[in-house]
Amino acid sequence: MKFTCRALAGSVKWLGIYRETRIRIARDCFGSHPTRRYATAFDRSLATRFGAAAVRLAARGGFDRMVALQCGHITDITLVEATAIPKRVKLDDDTVITARNVGISFGDE
């Protein structure tokens, strides 16, 4: 078994997650993107909460579900529920304009 992040591989072995669940774990780093915004304490805490909830969900066999933040609480919802109502952003929204200005592409240009 190979992991792309050596530090994570060590953590997974130490925690025994793979041994107990046989689920491969991947890692993402909130705040690590083209804007070069560094992760805040909130980002790190949220990432840890999401990751731990995702591992617990996978250990229960919840592969048709995803973790979500609802009213400040981490929960899990079905993929159908998550995609039932499209969340649209207007192309002239300042968030989209700012993202384009720092080089983020949405594949529409």
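Observations
- From the options LEU69, LEU79, LEU57, LEU91, residue that is modelled with pLDDT of 85 or more and loosely packed, with under 11 Cβ neighbours inside 10 Å: LEU91
- From the options ILE97, ILE74, ILE85, residue that is among the hydrophobic types (A, V, I, L, M, F, W, C), out of contact with any helix residue (DSSP H, G or I) (no Cβ under 6 Å at 6 or more places or on another chain) and either in contact (Cβ under 8 Å) with a residue 12 or more places away in the chain or surrounded by fewer than 10 Cβ atoms within 10 Å (Cβ to Cβ) (or both): ILE85
- Tally, over segment 50-75, of residues that are assigned to a loop (DSSP other than H, G, I, E, B) and not charged (D, E, K, R): 5
- Residues in segment 37-54 that are out of contact with any strand residue (DSSP E or B) (no Cβ under 8 Å at 6 or more places or on another chain) and surrounded by 14 or more Cβ atoms within 10 Å (Cβ to Cβ): ALA39, ASP43, ALA47, GLY51.
The values are calculated or read from the model by the stated rules, or taken from the named source; none is laboratory data. Quick caveat, the model's predicted, so the values are computed rather than measured. Neighbour counts run over all protein chains shown; Cβ positions are idealised from the backbone, glycine included.
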